[in-house]
Amino acid sequence: MKQQRLKLIEYQTRAFTMGTVEYINDQWIFFDDETEEASLLEEYIHQEIEVLSLNNWRKGILLDDGMVNVSGSILALKNQDTIRIRKHLVFALERLLEEISDDSFYQFVTTLNTMKFSIYDCIYCYNQLTFLKDVKRKSGVNMMIFDNQEGLCSVNHHFYYNEKVTDRFEFTLNTGKRMIIEKLSS
């Protein structure tokens, strides 16, 4: 099931920041396509990036001086190369996704996706479960807000972990549309 979780995360929309690179004044600069902001590429050293080469994305780890380790071979970046850098999830959301059951994880993420949101659209997450690590009977609410540039989605995750396990997700869009999913198990 861990493999299915990773696959679902891997194929989320808006999981990458895409842009081009240029070598200016002895430094590699990354130009974000969406925001048109420039940043030093060295900020992403040792992170996973993908380089567009002959219409295929080649996955690798960014090294110093515009070099990328792609499956053990070293690829040198060139001016105007298109690259994408995997975004990081909001920390509290990442922890929450690890703490919920596989079924709840799958239902939550796929429902979010059907509403045209990605887990990478999360702009705020409050994870009450983090504060209940050593508590046997756990109950409370986690709160998340997602922004996909076209709308907002607020998610309240009501959880009750005791003899019975209940995960209830209440999705509310800024349009007023609501959806509730509930996962019960014993």
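Coordinate-derived values only; no laboratory data. For clarity, every value in this text was computed on a predicted model and none was experimentally measured. Virtual Cβ from ideal backbone geometry, glycine too; neighbours counted across all protein chains shown.
Across segment 91-185, counting alpha-carbon atoms alone, Rg and Dmax equal 12.9, 41 Å. The mean of 1/r over all distinct Cα pairs in segment 15-86, once inverted, gives the Kirkwood hydrodynamic radius of 11.9 Å. Counting only residues at least eight positions apart within a chain, or on another chain, the lysines with an alpha carbon under 22 Å from that of LYS78 are LYS59. For the chain, what does -39500 (n - 2.57) per DSSP helix run (n ≥ 4), summed and divided by total residues, give at 222 nm, in deg cm²/dmol to the nearest 500? Using -39500 (n - 2.57) per qualifying helix, the result is -5000 deg cm²/dmol. Extents of segment 55-125, taken as max minus min of Cα coordinates on every principal axis and listed largest first, are 42, 23, 22 Å.
Across every direction, the projection of the convex hull enclosing the Cα atoms of segment 8-52 has a mean area of 3.8 nm². Taking 0.692 mPa s as the viscosity and 37 °C as the temperature, the Stokes-Einstein diffusion coefficient of the chain based on its alpha-carbon Kirkwood radius rounds to 177 µm²/s. Ordering LYS116, LYS183 from the fewest to the most neighbouring beta carbons within 10 Å gives LYS116, LYS183.
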